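**Student:** Here's a structure for you.
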Amino acid sequence: MHQLIRVLVPGTTQDDALARAHSALDKLVGVGIDTASVYDYYGTFEQADSRYKPYVANVISDGSSETVDETTVAPTFPLDSEEGQALLDDALEEQTEEFGDTLSKFQSKVDDLSVEDVMNNVDGVRFHLGQLAECRGPSVYIYNEYGGGLVSPKAVDKYVDRLHNASSGTSGGDGDAAAATKGDEQMSRGWLVPADVHF
């Protein structure tokens with residue numbers, strides 16, 4: 001099965017953001033030392049046509065005065081842009097809905113079961129319990145630059161704030177002074193990179 005996920009990364013340019021997203025996605029498919037695969041493979045929008053480009057074009061066109069053609073969908077979106085925010089909001093909505101559906105399935109099954117029944121996985125109830133506890137995999141739609149799942153709205157907000165603070169130079173005591181002395185160096189900003197994954 002295929003799924004559209006979003007990877008949130010810092011980057012000074014679109015290419016930098018893509019490279020960081022590829023690093024995170026590599027970890028999700030088991031590339032590297034001490035990484036466990038949760039997806040079989042992935043594709044980002046700069047690599048080839050994606051089955052999700054029309055969907056992404058629709059999400060970013062919704063509520064916008066401009067219509068976005070699927071052939072012009074960018075491979076990355078600044079988090080502080082309307083498009084980036086729309087895609088992040090969409091992912092949060094999908095992830096929350098998935099979690100709610102799974103929780104409902106678990107609750108409907110567990111209500112009639114004893115502790116021993118749950119331990120013995122009667123009606124496959126432990127599968128739903130495992131999905132609720134997932135930090136990576138098909139129940140998670142949003143990831144950070146390290147391939148870690150951002151499993152709740154609070155976790156997403158905290159990570160986005162961290163990216164924003166890093167880009168504005170307010171991440172630590174002398175952040176503003178450091179930013180002011182950077183001169184011609186580009187500042188990092190938060191990016192959203194959509195990816196088509198298979199599991």
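Rule-based calculations on the coordinates, nothing more; no lab input. What you are looking at is a predicted structure, and each value in this text was computed from that prediction instead of being measured. Glycine gets a Cβ as well: all are built from the backbone with ideal geometry, and neighbour counts include every protein chain shown.
**Student:** Can you pull the one-decimal nm distance between simple spin-label points at GLU82 and VAL31, each 7 Å off the Cα toward Cβ?
**Tutor:** 3.5
**Student:** Can you tell me the order of 69-75, 30-36 when each peptide is scored by its average per-residue count of other Cβ atoms within 10 angstrom, highest first? Walk me through the intermediate numbers first.
**Tutor:** Working: 69-75: 14.1, 30-36: 9.4.
Descending packing order for the listed peptides: 69-75, 30-36.
**Student:** What is the antiparallel percent of DSSP beta bridges lying wholly in the chain, to the nearest 5?
**Tutor:** Numbers: 17 of 19 bridges.
Here the antiparallel bridges make up roughly 90 percent for the chain.
**Student:** Let me ask something else. In degrees from 0 to 90, rounded to the nearest 10, what is the angle of the helix 153-168 Cα long axis to the longest principal axis of the chain?
**Tutor:** 10
**Student:** Over the range 39-142, what is the relative contact order in percent, taking alpha-carbon pairs closer than 8 angstrom and at least six residues apart? Kindly include the intermediate steps, with their values, before the conclusion.
**Tutor:** On the way: 69 pairs, mean separation 23.3, N = 104.
22 percent.
**Student:** Relative contact order for the chain: what is it in percent, counting Cα pairs under 8 Å that are at least 6 residues apart? Let's see the in-between values first.
**Tutor:** On the way: 294 pairs, mean separation 82.9, N = 199.
RCO, the chain: 42 percent.
**Student:** So what's the back-of-envelope 222 nm ellipticity for the chain, counting only DSSP H runs of four-plus at -39500 (n - 2.57) apiece and dividing by all residues, rounded to 500?
**Tutor:** Details: 7 runs with 90 residues, N = 199.
My calculation for the chain gives -14500 deg cm²/dmol from helical runs alone.
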